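Below is one structure, written out as structure tokens; the observations come after it.
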Amino acid sequence: MKLEDAYPIIVTDRLAECREFYTRWLGFQVAFEASWFVYLQSAGDRPYGIAFMAGEHPSQPPGPETFGGKGVFLTLQVADASAEFARLSGGGAPIAYALHDEPWGQRRFALVDPSGTWVDVVQHIDPRPGFWDPYTT
């Protein structure tokens, strides 16, 4: 299979709120929008996408129901999580998990978007010495 693109589509009844969240706080841009669908892309040389779809539209594949906020999270890897946390929290973004250095080697914080998706903002850092020893053979 030769992919041309890949992106998640989250079924939600909060399309406008999700569009506003990702464009306002995370720098995504609207690439396509209709009354039942919005596709957002990040800026930069390697654009990343995420889409939101109304559950009642007939083009929805069989099976996916409106997302309930459990079992999925989106990771946005950044160069400087501290700077992003300062920018977002200083601007009033809805922070769900404050900036924290994790022992396994991540500096991270999180937000929850209007669809209920946990948005994990991470920067890779050195792990605490010995943390990974019990997990390697």
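Between the exposed loop cleavage positions of the chain, defined as chymotrypsin sites (Phe, Trp or Tyr not before Pro) in a non-H, G, I, E, B DSSP state with at most 16 neighbouring beta-carbon atoms within 10 angstrom, the longest gap is 49-103.
Here r is the Cβ-Cβ distance between TYR48 and ASP13 and R0 is 22 Å; the resulting FRET efficiency, rounded to 0.05, is 0.35. Against the chain, whose longest principal axis is taken from its Cα atoms, helix 15-26 shows a tilt of about 30°. Give me the percent of DSSP beta bridges within the chain that run antiparallel, rounded to the nearest 5. Percentage antiparallel, nearest 5: 75. Using the Cβ-Cβ distance between PHE73 and TRP132 with R0 = 30 Å, the FRET efficiency computed as 1/(1 + (r/R0)^6) comes to roughly 0.85. Against the chain, whose longest principal axis is taken from its Cα atoms, helix 81-90 shows a tilt of about 60°. Using a 10 Å cut-off around each Cβ, can you sort LEU3, LEU88 from fewest to most neighbouring Cβ atoms? Lowest to highest Cβ neighbour count: LEU3, LEU88.
Coordinate-derived values only; no laboratory data. Bear in mind the structure is a predicted one, so any value in this text is a computation, not a measurement. Quick reminder, even Gly has a Cβ in these numbers, built from the backbone with ideal geometry, and neighbours come from all protein chains shown.
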